[in-house]
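Here's the structure we're looking at; comments come further down.
The values are calculated or read from the model by the stated rules, or taken from the named source; none is laboratory data. It should be emphasised that the depicted structure is a prediction, and the values quoted were computed from it without experimental measurement. Reconstructed Cβ throughout: ideal geometry from the backbone, glycine too, with neighbour counts over all protein chains shown. In case anyone asks, the SASA skips ligands and DNA or RNA and just uses the protein heavy atoms, side chains included. Shrake-Rupley method; radii C 1.70, N 1.55, O 1.52, S 1.80 Å.
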Amino acid sequence: MMLHVIGAGADGMACLVGSRGSRVLLDCGLPGSVLRTRLETMEVDPLSIDAVVLTHEHPGHARGLPDHPFRTNVPVFASEMTCRLLEDPVNGIEAVRWHGVASGETIVVGSLELCGFPVPHDAIE
């Protein structure tokens, strides 16, 4: 298993988790161009990202989606309310496939299993 912290701070949050050839980006809070550069510096092809999981809708966690460097129709997993809010065309996020998940539901991406849980925060859900 590997974990790379791509960004964690005021500029945005993004972590890459991987196992046995599967790669998931946890949060996408950095601009797409910054994500692309940092992934390439780590010798990770942005097109090799299998999915994106958003913890919530705040810009520091979702800012990079409108100009993301990933493959077309990359799956994006988030809470139902986060998906509904961000998939609105006014947000300019295209070329992703939204998947709403309930708290406690397991997300399976290749060899990775992820399970979310609620945390009190000023997010939509």
When residues of the range 1-19 are limited to those that are open to solvent by less than 70 Å² (accessible area, probe 1.4 Å) and assigned to a loop (DSSP other than H, G, I, E, B), the one farthest from residue 75 (Cα to Cα):
9
For residues that are touching an Asp or Glu at 6+ places or on another chain (Cβ under 9 Å) and among the polar types (S, T, N, Q), scanning just the range 1-58, find the one that is farthest from residue 111 (Cα to Cα).
33
Residue 22 fails exactly one of (1) open to solvent by 30 Å² or more (accessible area, probe 1.4 Å); (2) in contact with a strand residue (DSSP E or B) (Cβ under 9 Å, 6 or more places away or on another chain); (3) over 18 Å from residue 83 (Cα atoms); (4) of a type in the set (Ser, Thr, Tyr), namely (1)
Across the range 70-79, what is the total count of residues that are surrounded by fewer than 21 Cβ atoms within 10 Å (Cβ to Cβ) and touching a residue at least 24 places away in the same chain (Cβ under 8 Å)?
4
State yes or no: is residue 110 loosely packed, with under 15 Cβ neighbours inside 10 Å, small (Gly, Ala, Ser) and within 16 Å of the chain's Cα centre (by Cα)?
yes
By residue number, the members of the range 25-57 that are open to solvent by 30 Å² or more (accessible area, probe 1.4 Å), of a type outside the set (Ser, Thr, Tyr) and not in a loop (DSSP other than H, G, I, E, B) are 26, 34, 36, 38, 40, 47
Within the range 80-122, can you find the residues that are part of a helix (DSSP H, G or I) and either within 21 Å of residue 22 (Cβ to Cβ) or in contact (Cβ under 8 Å) with a residue 40 or more places away in the chain (or both)?
80, 81, 82
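Results for (1) under 13 Å from residue 28 (Cβ atoms); (2) touching a Leu at 6+ places or on another chain (Cβ under 6 Å); (3) at pLDDT below 90, shown as yes or no for each residue.
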residue	(1), (2), (3)
59	yes, no, no
103	no, no, yes
106	no, no, no
112	no, no, no
122	no, no, yes
